Amino acid sequence: MTTSKRLGLFERTVQSLSLINFQGCIDRCCIIDDHSSPGDLQKMAEILSRLNVPTTIISSPNDGPRRHVHAMNIWLELISAEEFVFHCEDDWEFDTKRTLLPMFRWGIGVLRDHEWIGQACFRKIEHRTTSPNPYEEFWVRTVANCPEDPNWASHPGHWPSRFTLTPTVTRVASLKGLGSFEEVDHFEKVFGLKWVEAGWTTVYHNSAWCRHIGEGQSAYQINGSIH
C-alpha cells in the first residue's frame, strides 16, 4: 500500500480491511510512505496491528525524493511474490458487509483462467466506460488507446491504457520487463501504455467491493507535485 500524509484516510482503509477477514488472503503487508511525520508513522504502526499479518513500513527520508512515482518504483522493486500481488492506495474503503476471501478468489481465478488478463480490479466501473464481457462475471473497459484525446486526463473513460493503481490483484509477470515507472506527469498512463502494448488488459468486477474516499485530498498536492 502506498500512503502520504493522509493518516485519516489511511486509518479508514486499514480499518475496513481489518473488518473483512483479511487473514488467509495476504501473507505480508508492505506500506510505502511518502514523507509522513514521525508521529504519524508511529500511529500508522499501531493502526496496522489490526491486520494481524507481518507488516513493514518503508518511509522516505526527509531529504529524499517526493512524488508518488518514487513510491511506486520502490513497490516494483520489493515485489517478491511469484504469481500475484495486491496493490492498494491509502484512500479506498472496502465494503465491510463482505469478506475479503471471495474477492481474492474471484481476482486470482480470473487471472488463472484467462492468460491475457493482467489485472483484476475490485472497483466497479460505471456508465459508458464499460461493456459486459462474454464471460459475464466481470467487465472490461472498452475505451481504445487514445493518447491524442485531450479529455483523457479529466474523465476515467478517456484513460487510454486501462492499467490501474486502484485496488487490484495484479499478475506479477505482467509487470516484468517493462522497466520502472517514469518520472513524468501521469506516470501511470505512460507505464500503462507499455503494459497494454505488451498484450495485457484489466478487468473490473461487476459489483462494488470498495469505494474511493480521497476526493479533494490529493497526496500529490500535499507533496508539491502533480503526480
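Checking ILE108, ILE117, ILE79 one by one, the residue that is surrounded by 14 or more Cβ atoms within 10 Å (Cβ to Cβ), touching a residue at least 60 places away in the same chain (Cβ under 8 Å) and within 22 Å of ILE20 (Cα to Cα) is ILE108 and no other.
Against the definition (at pLDDT below 90, touching an Asp or Glu at 6+ places or on another chain (Cβ under 9 Å) and either surrounded by 17 or more Cβ atoms within 10 Å (Cβ to Cβ) or not polar (S, T, N, Q) (or both)), how does PRO61 come out, yes or no? Spelling it out, it is not the case that PRO61 is at pLDDT below 90, touching an Asp or Glu at 6+ places or on another chain (Cβ under 9 Å) and either surrounded by 17 or more Cβ atoms within 10 Å (Cβ to Cβ) or not polar (S, T, N, Q) (or both).
This table checks each residue for (1) surrounded by 15 or more Cβ atoms within 10 Å (Cβ to Cβ); (2) farther than 23 Å from ALA71 by Cα; (3) β-branched (Val, Ile, Thr); (4) modelled with pLDDT of 50 or more.
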position: PRO150; (1), (2), (3), (4): no, yes, no, no
position: HIS155; (1), (2), (3), (4): no, yes, no, no
position: LEU165; (1), (2), (3), (4): yes, no, no, yes
position: GLY179; (1), (2), (3), (4): no, no, no, yes
position: VAL184; (1), (2), (3), (4): no, no, yes, yes
position: GLY192; (1), (2), (3), (4): yes, no, no, yes
position: ALA198; (1), (2), (3), (4): no, yes, no, yes
position: HIS212; (1), (2), (3), (4): no, no, no, yes
position: TYR220; (1), (2), (3), (4): yes, no, no, yes
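Restricting attention to the stretch 80-101, the residues that are within 28 Å of GLU115 (Cβ to Cβ), of a type outside the set (Phe, Trp, Tyr) and under 13 Å from the mean Cα position of the chain (by Cα) total 4. Looking at the stretch 102-139, which of the residues that are outside any strand (DSSP E or B) and under 13 Å from the mean Cα position of the chain (by Cα) is modelled with the highest pLDDT? So, considering only residues that are outside any strand (DSSP E or B) and under 13 Å from the mean Cα position of the chain (by Cα), the one modelled with the highest pLDDT is PHE122. Within the stretch 22-50, being closer than 17 Å to ARG12 by Cα and at pLDDT below 85 holds for one residue alone: PHE22. When VAL169, VAL143 are screened for being at pLDDT 55 or above and either assigned to a helix (DSSP H, G or I) or surrounded by 13 or more Cβ atoms within 10 Å (Cβ to Cβ) (or both), only VAL169 passes.
The values are calculated or read from the model by the stated rules, or taken from the named source; none is laboratory data. Computed from a predicted structure; not experimentally measured. Every residue, glycine as well, gets a Cβ built from its backbone with ideal geometry; the counts of neighbours run over all protein chains shown.
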